[in-house]
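Here the structure comes first, spelled out in structure tokens, and everything after it is commentary.
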Amino acid sequence: QVQLVESGGGLGQPGGSLRLSCAASGIILSAYPMAWYRQAPGKQREVVAVMTNSGSTNYADSVKGRFTISRDNAKNTVDLQMNNLKLEDTAVYYCRRLFPPLWGQGTQVTVSS
């Protein structure tokens with residue numbers, strides 16, 4: 001069964017760090033462009049970070065310089081390192097294979113002091 005499973009969410013403090021991981025079964029993630037999205041309460045889902053097959057990356061302005069998307073091909077994961085967390089980073093974070101579309105179930109990130 002092809003699926004994506006996110007992990008690593010939880011409670012973080014302002015200025016702190018969290019690392020999310022997206023693990024795949026049934027597919028090799030390095031073959032696809034991948035992205036992390038998030039959806040805050042009452043808001044639309046938005047793209048946070050994108051990584052192409054060749055390794056190029058792009059980030060939303062709101063997370064640029066704080067978040068880093070990366071691949072671990074040995075583990076078949078796509079990770080999101082989140083540093084200098086802000087209250088507004090609170091959201092459910094989703095991993096997505098861009099083409100063809102495939103979503104994970106999401107992991108909650110809450111930033112609170």
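The values are calculated or read from the model by the stated rules, or taken from the named source; none is laboratory data. All figures in this text were calculated on a predicted structure; none of them were measured in a lab. Don't worry about glycine lacking a Cβ; one is built from the backbone with ideal geometry, like all the others, and counts go over all protein chains shown. Surface areas here come from the heavy atoms of the whole protein model, side chains and all, with no ligands, DNA or RNA. Shrake-Rupley method; radii C 1.70, N 1.55, O 1.52, S 1.80 Å.
Restricting to the range 13-37, and then to whatever is of a type in the set (S, T, N, Q) and assigned to a loop (DSSP other than H, G, I, E, B), can you tell me which residue is most open to solvent (accessible area, probe 1.4 Å)?
Ranking the candidates gives Gln13 first.
Suppose we filter the range 38-53 for residues that are open to solvent by less than 70 Å² (accessible area, probe 1.4 Å) and touching a strand residue (DSSP E or B) at 6+ places or on another chain (Cβ under 6 Å); how many remain?
Residues flagged as open to solvent by less than 70 Å² (accessible area, probe 1.4 Å) and touching a strand residue (DSSP E or B) at 6+ places or on another chain (Cβ under 6 Å) within the range 38-53 amount to 8.
Report, by residue number, each residue of the range 6-19 that is within 13 Å of Gln105 (Cβ to Cβ) and in contact with a Gly (Cβ under 6 Å, 6 or more places away or on another chain). Give the derivation first.
So in the range 6-19, the residues within 13 Å of Gln105 (Cβ to Cβ) come out as 6-7, 9.
Hit for the range 6-19 is Glu6, nothing else.
Within the range 54-113, can you find the residues that are over 21 Å from Ala24 (Cα atoms), open to solvent by 60 Å² or more (accessible area, probe 1.4 Å) and part of a strand (DSSP E or B)?
Within the range 54-113, Asn58 is the sole residue that qualifies.
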